[in-house]
Amino acid sequence: MPELPEVETVVRGLREALPGRRILEVRLGKTDFIENPAALETHLPGARVKDVDRHGKFLRVNLESTNEGAKPLALLIHLGMTGQIVVGSPEAPIPPHTHVFFALDDGKEFRYTDIRRFGLMRLLADGAREKAFAALGIDALVATKQQFAAALHGKRARIKAVLLDQGVLAGLGNIYVDESLWRARIHPMRLAATLKRDEVRRLYRAIRGVLTEAIRLRGSSVSDYVDSEGRRGEFQARHRVYQREGKKCFRCGAKIRRAIVAGRSSHFCPRCQRAPRTRPQVAGGRL
């Protein structure tokens, strides 16, 4: 599933291609992932893209109508597990499972492809546009040290589960949680509330470092992800634990293990990331 670095990479590409462009035509294929497809066909033609932003794993294309007095709209998109957005020539071959086409006034075409159709596309009116991100926690890329510590403080759930909870910290998924915990030398089964202050600081720095590096390398292409120009990411070559079960730890040489934590497959080094005690003692988690 595309996570924060992949979505941020797509957003940065769309910011180069979409602002100022007017949508001329909308063509839809399968629409079971679109909330109210008729609204897209009715309201998007003629609309001009103002800008593109992101919160967590959601991206938002903010629109302004060319009709005087019309309220602003926004197109909310979640890529699900296999969603791809590419802006390019309408003459380019159409990949299978491409379900959304927007013809743009510069002669290019916005395409949304999704093999499994677990993504989401929703047109937001003015009021809903402002509330679209309200249920999400603070974005993992912009959280301050204090906000990060406050989000973890007192949580009696496993740290892996807390970091995956989009209502606590938005944007992280299985790949970047595993990679961050490895960098911070924290076992995924630790209770968040048992992390000491220096461990919280270390984890914060690890998350920031992993996300920043992954964005620089345009994300991880471990499945279907490509950026807005159709290019694969490169961060998968830097993975240290994710999907490396049985291989040697880059830091200590121990074999990477896999366990189910919070219902998710989790990869860790048993030597670098010590397993928690049976009854961990709460130590707080403030910086």
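Worth a mention:
- The residue list Y242, Y225 contains one member that is at pLDDT 95 or above and touching a strand residue (DSSP E or B) at 6+ places or on another chain (Cβ under 9 Å), which is Y242.
- Residue identified as among the β-branched types (V, I, T), surrounded by 15 or more Cβ atoms within 10 Å (Cβ to Cβ), within 28 Å of L141 (Cα to Cα) and under 16 Å from the mean Cα position of the chain (by Cα) among V10, V49, V86: V10
- Test: residue in region 7-22 that is in contact with a Leu (Cβ under 9 Å, 6 or more places away or on another chain), in a strand (DSSP E or B) and in contact (Cβ under 8 Å) with a residue 60 or more places away in the chain: yes
- Residues in region 180-189 include at least one that is on the phi > 0 side of the Ramachandran plot and either outside the structural domain of C249 (by TED's automatic domain parsing) or charged (D, E, K, R) (or both).
- Enumerated helices (runs of 4 or more DSSP H) restricted to region 145-219, each holding at least 1 residues that are out of contact with any Pro (no Cβ under 8 Å at 6 or more places or on another chain) and more than 24 Å from R238 (Cβ to Cβ): 145-152, 159-164, 197-216
- Scanning region 117-124 for any residue that is of a type outside the set (A, V, I, L, M) and touching an Asp or Glu at 6+ places or on another chain (Cβ under 9 Å) turns up at least one such residue.
- Those strands (runs of 3 or more DSSP E) lying entirely in region 46-122 with at least 3 residues under 20 Å from G219 (Cα atoms): 48-55, 58-64, 83-88, 109-114
Residues checked against (1) within 22 Å of T9 (Cα to Cα); (2) not basic (K, R):
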residue	(1), (2)
R54	yes, no
A70	no, yes
M81	yes, yes
G88	yes, yes
R111	yes, no
F133	yes, yes
F148	no, yes
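The values are calculated or read from the model by the stated rules, or taken from the named source; none is laboratory data. Because the structure is predicted, anything quoted here is derived from the model rather than measured. FYI the Cβ positions are ideal-geometry reconstructions off the backbone, even for glycines, and counts take in every protein chain you see.
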